[in-house]
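What follows is one structure encoded as structure tokens, with my remarks underneath.
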Amino acid sequence: MLRPKKCFGKDMIRSVVHKRCISTAKDVLHVGNESNSIAAPTSVDLNNFEYKNLKPKEFRILLLRHAQSEGNVDKKLLTKMPDHAIPLSKVGMEQSKQTGQFIKQFYKNLNDTLHNGEIKCKARLWTSPYLRAKETGDIIMQEAGDYISDQREHVLISEQQFGLFEGYPLDELEKLFPREFAHFTKQVEFGGRFWARPPLGESRFDVSTRGVYIKSIRRLSCR
């Protein structure tokens, strides 16, 4: 996740609503991980983006998902190694490179518009402790480092934890863990999937409560 220290309008890229309640295709920056495509993100037209409408000191977040990992290529890899240790695939490395170049151009255009080319708008890059996320961030730093002040890590940005069910296909859970799966299914049917917690794991509700980390990141980013 990129958190600009200065300059940028206040919005969150990729499925997050702009503070003015504007959410359009051009506001979305997407890093695919399922696809084998290595093309740079094209959902934002950098040449036609209205940089002049951004205020120099507004808070803005670009939210990126990690690029394609080996786990996206081999679905059974999660049964062989911890989720947090799964690296990027070769395609994912190239996706990250292209994304870094995209972000570099975005910031260049921004600084050209607001500061006559002087680099005053820089971001702080936050990643989760997961290897694939850190590798995505490292490659982005290599490509766009002139516009990123530093790279930091925050554990609360990590993936949802599925506990006992981690890495197993949904259609195999009932056979592998009959009692635990029956209990989980009862939770889903009674209270809904959002509230149902996998054994030794997190519900979607649990993950959503991590949203408070954004406040701490904003505070840390001002230091």
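None of the figures in this text is laboratory data; all of them are computed from the coordinates on show. Fair warning: this is a prediction, and the values are worked out from it, not measured in the lab. Don't worry about glycine lacking a Cβ; one is built from the backbone with ideal geometry, like all the others, and counts go over all protein chains shown.
Tabulated data for the structure shown
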read-out: Net charge, residue 174 excluded, C-beta distance under 15 Å - Lys, Arg +1, Asp, Glu -1; value: -1
read-out: Pairwise FRET efficiency - residue 85 versus residue 185, Cβ, R0 = 35 Å, nearest 0.05; value: 0.75
read-out: Amide hydrogen neighbours beyond the local backbone of residue 69, cut-off 5 Å, H modeled; value: 89
read-out: Rounded FRET efficiency, nearest 0.05, which uses the C-beta distance separating residue 78 from residue 209 and R0 of 22 Å; value: 0.35
read-out: Inter-label distance for residue 200 and residue 65, nm, one decimal - labels placed 7 Å from Cα along Cα-to-Cβ; value: 2.6 nm
read-out: Relative contact order, percent, region 57-164 [alpha-carbon distance under 8 Å, six or more residues apart]; value: 28 percent
